[in-house]
1. Is it the case, given these coordinates, that Gly40 is in contact with a strand residue (DSSP E or B) (Cβ under 6 Å, 6 or more places away or on another chain) and not hydrophobic (A, V, I, L, M, F, W, C)?
2. Please state which of the following conditions Pro162 fails to meet, knowing it meets all the rest: (1) modelled with pLDDT under 95; (2) in contact with a Ser or Thr (Cβ under 6 Å, 6 or more places away or on another chain).
3. So which residues in the stretch 166-208 are within 16 Å of the chain's Cα centre (by Cα) and of a type in the set (Asp, Glu)?
4. Could you list, in sequence order, the residues of the stretch 174-218 that are loosely packed, with under 15 Cβ neighbours inside 10 Å and of a type in the set (S, T, N, Q)?
5. Looking at (1) surrounded by 21 or more Cβ atoms within 10 Å (Cβ to Cβ); (2) touching a strand residue (DSSP E or B) at 6+ places or on another chain (Cβ under 6 Å); (3) part of a helix (DSSP H, G or I), which is the one condition that is false for Val221?
6. Taking Asn149 as the residue in question, decide whether it is in the same structural domain as Leu62 (by TED's automatic domain parsing) and in contact (Cβ under 8 Å) with a residue 24 or more places away in the chain.
7. What residue, of Val138, Val156, is modelled with pLDDT of 90 or more, aliphatic (A, V, I, L, M), buried (at least 18 other Cβ atoms within 10 Å of the Cβ) and within 21 Å of the chain's Cα centre (by Cα)?
8. Within the stretch 106-128, restricting attention to residues that are of a type in the set (A, V, I, L, M) and surrounded by 13 or more Cβ atoms within 10 Å (Cβ to Cβ), which residue is modelled with the lowest pLDDT?
Amino acid sequence: MNNSVTNTARLLWAGLRALLVLTVVTGIIYPLVITGVAQGLFNGKANGSEIKVDGKVVGSSLIGQSYNLPLKKGQETAEADLKWFQGRPQNGLGTNGVNTQYALILSGATNRSGDNGAVDGVCPPLDKAEESTLCYWVRSAQEAVKTDNSVPGYEVKVSDIPADAVTSSGSGLDPAISPEYADLQVHRVAEKNGLSVAQVQKLVDDHTDGRTLGFMGEPTVNVLELNIALKEIVAKS
């Protein structure tokens, strides 16, 4: 009986020691080492890839932002502020009904198939499309992009509009657009800010990132970084 109690106590003590050691190693030492390495070698990425202007954080290079006018009385959907470059549609973003104390960013896709709302594989005209379908969203976005970016001397055709201008990304938070969509907005941004087309086009060209390692992915333009540069050149002019 005594031997049994002694053996049980010894096993329990051995298990407790193992628990304490593993807790210290995996719960304290390992996280501190990983955090130290991340802060030392990848400080920017470890802290959210923050973008700062005059020492103030204005966003992250990994998360898209909206550039809208303040809501007017009775308005439910804000209008785009057309003096800025616009990002991709954000149809997939959810609303924060879980935590009302803090403004959370909720990510989500549209959950619509590529042919949602199509008839015989083709999206119908806007006036014949169902409002809850992807076809309706795409047609609406096409009309908005065409109308917003057509200025005197420069008319946008539907055939000129790239896919990323009228579709949201899987997360709804894509921070970048294609160079084609950025180019399409150049004339409108130039007119709204009193700049020359050449000045704004140079901004786009300077902020176009090529393919990763020269062959992976597609060229992109980070909208936040582009708008920061736009704000600086407008202030100087």
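The values are calculated or read from the model by the stated rules, or taken from the named source; none is laboratory data. Everything numeric in this text was worked out from a predicted model, so none of it was measured. In this analysis, Cβ positions are derived from the backbone assuming ideal geometry, glycine residues included, and neighbour counts consider all displayed protein chains.
1. no
2. (1)
3. Across the stretch 166-208, the qualifying residue is only Asp174.
4. Within the stretch 174-218, Ser196, Thr212 meet the criteria.
5. Of the numbered conditions (1) surrounded by 21 or more Cβ atoms within 10 Å (Cβ to Cβ); (2) touching a strand residue (DSSP E or B) at 6+ places or on another chain (Cβ under 6 Å); (3) part of a helix (DSSP H, G or I), the odd one out for Val221 is (3).
6. Spelling it out, Asn149 is indeed in the same structural domain as Leu62 (by TED's automatic domain parsing) and in contact (Cβ under 8 Å) with a residue 24 or more places away in the chain.
7. Val138
8. Across the stretch 106-128, the extreme among qualifying residues is Leu106.
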